[in-house]
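Participant: Supplied in structure tokens, the structure appears directly below.
The values are calculated or read from the model by the stated rules, or taken from the named source; none is laboratory data. Computed from a prediction, not measured in an experiment: that's the story for all the values here. Cβ placement follows ideal geometry from the backbone for every residue including glycine, while neighbour counts extend to all protein chains displayed.
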Amino acid sequence: MKIELIAELPEFDTGQYEGCEFLMAGADAKLTIRLAELPSFEIRFSRVRWHQFTALPNCDAAMVESAYFRLVELTGSQVLSSFVESDRASKRAYRELHHYRVFLDETGCHEVFAESASAKPR
């Protein structure tokens, strides 16, 4: 599996991290990251098919090292391949899926299977 950087969060002292909010609306999702004294940072996912949150105490070293305050794509993900293979829908609601990950210290790790992702200050 290869890890590709999609977006770095803006530079900030980790003590400025105030928390996050993950919202789903239809097939899309938004992860808003709140930072003290800085604008919030937003990651949007389109055509989400799967989301998993792993609380900080349950995160393994690979989650932390690969995605510490950054959005990455896990290309060649076996978990994603298994998901797509087991999709029994007669018409899929996506063209292709990507496995995205972001680790937020003090919170944990969000992983998403989605058609695309974008990140920007809010």
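Participant: So which residues in the range 64-82 are more than 19 Å from Gly15 (Cα to Cα), under 13 Å from the mean Cα position of the chain (by Cα) and either at pLDDT below 95 or not hydrophobic (A, V, I, L, M, F, W, C) (or both)?
Facilitator: The answer is Ser66, Glu73.
Participant: Moving on. So Phe45 ticks every box in (1) part of a loop (DSSP other than H, G, I, E, B); (2) buried (at least 16 other Cβ atoms within 10 Å of the Cβ); (3) aromatic (Phe, Trp, Tyr) but one. Which box is left unticked?
Facilitator: (1)
Participant: Among Glu85, Glu11, which is assigned to a helix (DSSP H, G or I), of a type in the set (D, E, K, R), out of contact with any Cys (no Cβ under 7 Å at 6 or more places or on another chain) and surrounded by fewer than 12 Cβ atoms within 10 Å (Cβ to Cβ)?
Facilitator: Glu85
Participant: While we're on this one: Looking at (1) within 16 Å of the chain's Cα centre (by Cα); (2) in contact (Cβ under 8 Å) with a residue 12 or more places away in the chain, can you tell me which one Leu23 breaks?
Facilitator: Condition (2) is where Leu23 drops out.
Participant: Being more than 26 Å from Leu97 (Cβ to Cβ) and either among the basic types (Lys, Arg) or out of contact with any His (no Cβ under 7 Å at 6 or more places or on another chain) (or both) narrows it down to one residue among Glu65, Glu11; which is it?
Facilitator: None of the other options fit; the residue is Glu11.
Participant: Turning to a different aspect of this structure: Starting from residues that are polar (S, T, N, Q) and not in a helix (DSSP H, G or I), keep the ones in the range 49-59 and report whichever is nearest to Ala29 (Cα to Cα).
Facilitator: Here the answer is Gln52.
Participant: List the pairs whose first member sits in the range 106-120 and is closer than 17 Å to Phe41 by Cβ, whose second member is among the small types (Gly, Ala, Ser) and outside any strand (DSSP E or B), and whose Cβ atoms are under 7 Å apart, counting only residues at least 6 apart or on separate chains?
Facilitator: Cys109/Ala67
Participant: Within the range 60-82, can you find the residues that are assigned to a loop (DSSP other than H, G, I, E, B), touching a residue at least 40 places away in the same chain (Cβ under 8 Å) and either of a type in the set (Val, Ile, Thr) or surrounded by fewer than 17 Cβ atoms within 10 Å (Cβ to Cβ) (or both)?
Facilitator: Gly76
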